[in-house]
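Readers should treat all values here as calculations from the given coordinates under stated rules, not as data from a laboratory. For clarity, every value in this text was computed on a predicted model and none was experimentally measured. Here Cβ is always computed from backbone atoms with ideal geometry, including for glycine, and neighbour counts include all displayed protein chains.
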Amino acid sequence: MRRRDILVGALALPAAGKLWPENLFPSAFAQDKGQDKPQDKAGQPFDASSVQQQARELAQKPYKAPDLSLPDSLKKLNYDQYRAIRFRPDQALWLADKLPFQTQFFHRGTIFANRVDIYQVRNGRAEPVPYSPSLFSFGDTPPPEPNSNLGFSGFRVHGPLNKPDYYDEIGVFLGATYFRAVARGQVYGLSARGLSINTGNPKGEEFPVFKTYWIEQPAKAATSIVVHGLIDSESASAAVRFTMRPGETTIYDVELTVFPRVQIAEPGIATLTSMFFFGANDRAGVDDFRPAVHDSDGLAIQNGRSEWLWRPLNNPRDLQISTFADNNPRGFGLMQRQRSFGAYEDLESRYERRPSAWIEPIGDWGEGAVHLVEIPTKSEVHDNIGAFWRPKEPLRAKGEYRYTYRIHWGWGAKPGLVPVAQTRIGAGEEQTRLIVLDFADEKLKATPLDQIRADVKADKGEIKDIVLHPNPELGGARLSFRLAPGNESAVELRAQLMRGDTALSEVWVYRWTL
């Protein structure tokens, strides 16, 4: 049983629609016309500072582990049994109100044992979303007792993303502090996290969790929806506010405030998690009918010096951690650049439709580094890639640290310079590795090839036979060279197209390893 197995399966559940008769299960969320329901009277005042204050107070108290207790019938579910527990779409929050967004909920079970309290916010008050087993169908699993109060593990937001008259799934919050989103025409792929701690540390990672969500009821003409979350872990609590705007590119504005209980030397801010199994640059030991399998194929960075970097991903033999030191980064993200079906030939997974996610910091983040973590994997079911910002100085106990940023979920941020379209690596002559880079952009069509030079460097080994020639299939250029690593087990590589002393392309950076 793996987190990715369950998460992908859970996200494949049906979208909103009338799959059951309207009156079979009267909605626990329907609003009485002209009358206050009991939860209205029990609601608490809520404003933008409420969650921050709760997180601040929580950080002053000893950490209390979440209650993971569940009946055995739910605790020991297998993959198919958990997938069979489905929220009834005709019970969706705000369905009866005909609002531009609806919310559906996930039941607790198997690896999603953590209970998350969920509130809706309307008219300045927060009201608990009531749990009832009647909100779900359970397949072959015996349902809980009718009066039980097991609660939810997460939720998903629906809205008219692809068609004006159909409520597609837009985003989901499920498991630890993981959340996902899609843009128009896409399927789920990589994830983001509200906060990560000690990611990539051989001693083990700490996984903060969302304790509580507050979902603001949208107005009838709203084009965005706001979600608040309270995070807790052994080392810190945190408050986060999401403003979600679906569309051709789905945008999440994120406002995060972290309250450390103890000093945190290895925090992860704006963390992205993805999967890279194999691709044209890394197929060692792969016996698969598909040309490539990955949710993301590279890390893109625009650093504080406005330099654009492209780092193709690897499935390494050993754990690899790369750091890109910076001051006030302009942006970074895990990209899926290969967008043709022929790049994957997978009719089920549709990797060509997986989102890219670009992090755009708002304000100055100071000194630190973008970290890339690559973990060996023998299967596509494992999330083995992580990317995040880590400030240079630790987060000190009893402090308050605020980060505001925007996540662009979509088809990929286009760099300001000519991008690397593809990286291919194979055997070369004389015990070398042949490296082939394709560049494609309108700028190349307007620049004579004899005015372009390739700047290729390696920190070890030897670079041989640098060749630059047209690639009419892409309308760009192909750069090839051979790396003679000698006895080296790892070599840092760098390549860029130049016109005189002016950068023409983004910088290709790569760590070759045995």
- Per-residue Cβ neighbour rank within 10 angstrom, fewest leading, VAL467, VAL373, VAL187, VAL157: VAL467, VAL187, VAL373, VAL157
- Task: Determine the relative contact order of the chain: mean sequence separation of Cα pairs under 8 Å and six or more apart, normalised by residue count, in whole percent.
- Result: 12
- Task: Just add up the charged neighbours of PHE210: K/R +1, D/E -1, any other residue whose Cβ is under 11 Å from the Cβ of PHE210.
- Result: +1
- For region 106-251, the dipole about the Cα centre with charges only on Cβ (Lys and Arg +1, Asp and Glu -1), to the nearest 20 debye, works out at 340
- Report the full-extension gain for the segment GLN451 to SER69: residue separation times 0.36 nm, less the Cα-Cα distance, to one decimal in nm. 130.8 nm
- Could you work out the Rg to Rh ratio of the chain, with Rh taken as the Kirkwood radius (inverse of the mean 1/r over all Cα pairs)? 1.00
- Message: Greater than 23 Å separation of Cα atoms is the criterion. Which listed pairs, LYS378/LYS457; LYS61/LYS211; LYS76/LYS203, meet it?
- Response: LYS378/LYS457; LYS76/LYS203
- Using only alpha carbon pairs under 8 Å that are at least six residues apart, calculate the relative contact order of region 34-157 and give it in whole percent. 32
- Sequence ranges 469-476, 227-234, ranked by mean other-Cβ count within 10 angstrom, highest first: 227-234, 469-476
- Note on the structure: With +1 at each Lys and Arg Cβ and -1 at each Asp and Glu Cβ, the charge dipole magnitude of the chain around its Cα centre, to the nearest 20 debye, comes out at 640
- Which distance in Å, rounded to a whole number, links the C-alpha centroids of region 63-82 and region 428-442? 49
- If you take the charge dipole of the chain about its Cα centre, with +1 on Lys and Arg Cβ and -1 on Asp and Glu Cβ, which of PRO391, TYR119, THR271 is farthest toward its positive end? TYR119
- Over region 420-513 - Rg/Rh using Cα atoms and the Kirkwood inverse-distance radius: 0.97
- Ordering of 208-215, 246-253 by packing [mean C-beta count within 10 Å, highest first]: 208-215, 246-253
- Query: Dipole of region 420-513, Cα-centred, from +1 at each Lys and Arg C-beta and -1 at each Asp and Glu C-beta, to the nearest 20 debye?
  - Reply: 60
- region 420-513: relative contact order as a whole-number percent, Cα under 8 Å and 6+ apart: 28
- Query: So, counting K/R as plus one and D/E as minus one, what does the shell of residues with Cβ under 9 Å around LEU483 add up to?
  - Reply: +2
- Item | Helix-only [θ]222 nm of the chain, DSSP H runs n ≥ 4, -39500 (n - 2.57) each, per residue, nearest 500 | -1500 deg cm²/dmol
